[in-house]
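These notes concern the structure reproduced below.
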Amino acid sequence: MSDVDQLFRDGLGDRKPDVPADLWQRIAANKASIPEGEALDQAFAGALGARQAAVPPNMWARIAAARRTTPYYRYAAALLLLLGLTTGYFVWDTAPTLDSSPLPDGRGTQVQNEVPVAQAASTELSTSNDRADAPLSPQSSSVDIGTVPPATPPANTAALASSSAPPIAQSAAAADAPVRAPRSATTARSVATLPADFLPVANLLPETGPVLVASEGGFRASGRHRLQGEVLLGAAYAHQRFGLQRPTAQEQRTLREVSEFPEVSYQLSARLRYRLGGPWRILTGLTYVELRNQFEYEAMLQGSPRLLRSNNRLRMLEVPLLASYELPGRRLRLSVNAGPVVHLSTGVSGQFLHPDSAQPRDLAADGQYRRSVGLGWTTSLTTTYTVGKQRGIQLLLEPFFKQYLGSFTAPEATLAEHYWMGGLQVGLRKQLR
Amino acid sequence: MLSMKEKELIEGALRNDERCQRALFDRYAPLLMGVCQRYCRTQAEAEDVLQDTFVRLFAKLPKYGFQGSFAGWARRLCVNVALKTYQRKRFTMEQTGLDNTPERGGAPTAYADLGEQELLQLIQQLPDGYRIVFNLYAIEGYSHKEIGERLGIQEASSRSQLLKARKTLQQQIAHRQRIAI
């Protein structure tokens, strides 16, 4: 053992340091055994079961903001339903009216649903081809009611028997066996695909005059009536989204998010529509858009807090350039449109909250909005319904979606402000020349 | 039994009277925040759940029908929202591969001195599955069968999660106690 060891042993070996006076109490308190099983559950349930906690001061504003945005899901669902129904209608409407599969003997095409020939012949045979521009062919042409007399009246039967065409009565007598008639009311109006010796409609066709003239290059394809004018008015939901252009603007973004809520925005359009070849059209014009938000904040008035509301507006003029594809139809038609939109920010009005200011600030003066040209894109689905016999006017129903690509604020602004909008327009279209 | 004032508030909220809705919020938000904090690990998560709870509460208020305690109805709604949030989060974690192992820690405290805040902290530090089952069984009073149905797990899994939750809580309390002494 060295001297150093000896030194420490002598100095500290029998040392009795002071014991803290409350040490026993501390040990006794902590000796309480930790509960197990149900007792542990009870301990936690007793302490936390009815516990109330502090609620953050801005929680009500957050809930109010979240509740305001909820109903728009309903509008979106309604819009989707409308789109689905419209698309469904067109799919159904453009489906083939007759089964065109050939008969086993190859004489013609087969028509479904068997009915006696006399009944089939006496059925109203008016053509479903009331459009002048639908192409006709010997296999698929229909017969006008004026050209085919009913088979049952004896006078008509006799008249037909004396004509050069094979008489219907003869065919009917020969074919006592049932002929297949179209299934639906629409298809019942056409007998175009019956075999020639079942019902001699095909033989009658060359004598039916104007109905049998193929309309290739008809009225609408003749190069006239290419230009149409449209006026539309629409309501829309404009979704406002803030982005940080400075990392320190987090608080400002939160303030604006909880104090600005979307209102119904609207737009008014005047467009020209020019028919290109085939189903393609081109659309352009001028659109006035007003994006609207409700601004809410609590102010102390006469010693009590009052909720004040006002409107923020962002007004623009836009020039769309859209390509349009028109699906075939009769009075009711569907067009899918898409293309870029050039917009000019023409003005902004309203107020906003800023963390450095007790009072709301003016959007136009302090919002740092830019006034330069911007770009966006839009897509829409136009449903048109032709009105009247002249067919010069069409009613329009157009759900649309539009997104603005850039921020509406200047690059030096602390917050970027982006929008997309979705809505529904109604309007009128008229032939111009 | 509803007091007259409470009934008037609910009827006002049903008429979309914003003052009544605000009064209902002021009255029940602290209680529901307490529930949210037990089911969520962080304050931010709890606030999100509380927000969703009130959005759903006002949307579903017509279904309340003045049957039973409004506080109990609101509390069940809050638990449902918390469970849905947990299930969404669990799915996200599975997708992203994040684990839900809690952070260990907390100030050393003897069991006898554990207050509400410390107990809440202990619950919040439990892994998600343990925390949800412990809350549902020990504090809300659901049976293992009900928990299994709500979470889409076996009854046995619920029992096992509860036992593990209790064991973890005991270990954490013991750990804190050792440090404290």
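The values are calculated or read from the model by the stated rules, or taken from the named source; none is laboratory data. Source: prediction; values computed, not measured. Neighbour counts are summed over all protein chains in view; Cβ atoms, including those assigned to glycine, are modelled from backbone coordinates with ideal geometry.
Summary table
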quantity	calculated
Test for A:V348: is it assigned to a strand (DSSP E or B), among the β-branched types (V, I, T) and farther than 30 Å from A:N58 by Cα	no
Near pairs, Cβ below 9 angstrom, 6+ apart or cross-chain, from segment A:356-372 (assigned by TED's automatic domain parsing to the domain that holds A:Q245) to any residue that is among the basic types (K, R)	A:L363/A:R313; A:G367/A:R361
Number of positions in segment B:1-42 that are without any contact (Cβ under 8 Å) to a residue 12 or more places away in the chain, among the polar types (S, T, N, Q) and surrounded by 14 or more Cβ atoms within 10 Å (Cβ to Cβ)	0
Subset of segment A:257-308 (residues that are touching an Asp or Glu at 6+ places or on another chain (Cβ under 8 Å) and not in a strand (DSSP E or B))	A:S259, A:P279
Residue count for segment A:311-357, restricted to those that are under 19 Å from A:E257 (Cβ atoms) and hydrophobic (A, V, I, L, M, F, W, C)	4
Candidates A:L327, A:L307, A:L332, A:L301, filtered to the one that is closer than 24 Å to A:V264 by Cβ and in the same structural domain as A:S269 (by TED's automatic domain parsing)	A:L307
Test: residue in segment A:359-377 that is surrounded by 14 or more Cβ atoms within 10 Å (Cβ to Cβ) and modelled with pLDDT of 90 or more	yes
Failed item in (1) among the aliphatic types (A, V, I, L, M); (2) at the interface with chain A (Cβ under 7 Å from one of its Cβ atoms); (3) touching a Phe, Trp or Tyr at 6+ places or on another chain (Cβ under 9 Å); (4) closer than 15 Å to B:L120 by Cβ, with B:A29 passing the rest	(4)
Some residue of segment B:67-81 being away from every other protein chain (no Cβ under 12 Å), in contact with a Gly (Cβ under 9 Å, 6 or more places away or on another chain), under 21 Å from B:Y137 (Cα atoms) and surrounded by fewer than 18 Cβ atoms within 10 Å (Cβ to Cβ)	no
Flag for B:L57 being modelled with pLDDT of 90 or more, over 28 Å from B:A165 (Cβ atoms) and either not assigned by TED's automatic domain parsing to the domain that holds B:R150 or not hydrophobic (A, V, I, L, M, F, W, C) (or both)	yes
Selection count where residues are touching a residue at least 40 places away in the same chain (Cβ under 8 Å), closer than 16 Å to A:Q425 by Cα and surrounded by fewer than 15 Cβ atoms within 10 Å (Cβ to Cβ), scope segment A:273-288	0
Number of positions in segment B:32-46 that are assigned to a helix (DSSP H, G or I) and more than 7 Å from chain A (Cβ to nearest Cβ)	8
Yes/no for B:V49 being β-branched (V, I, T), surrounded by 12 or more Cβ atoms within 10 Å (Cβ to Cβ) and within 12 Å of chain A (Cβ to nearest Cβ)	yes
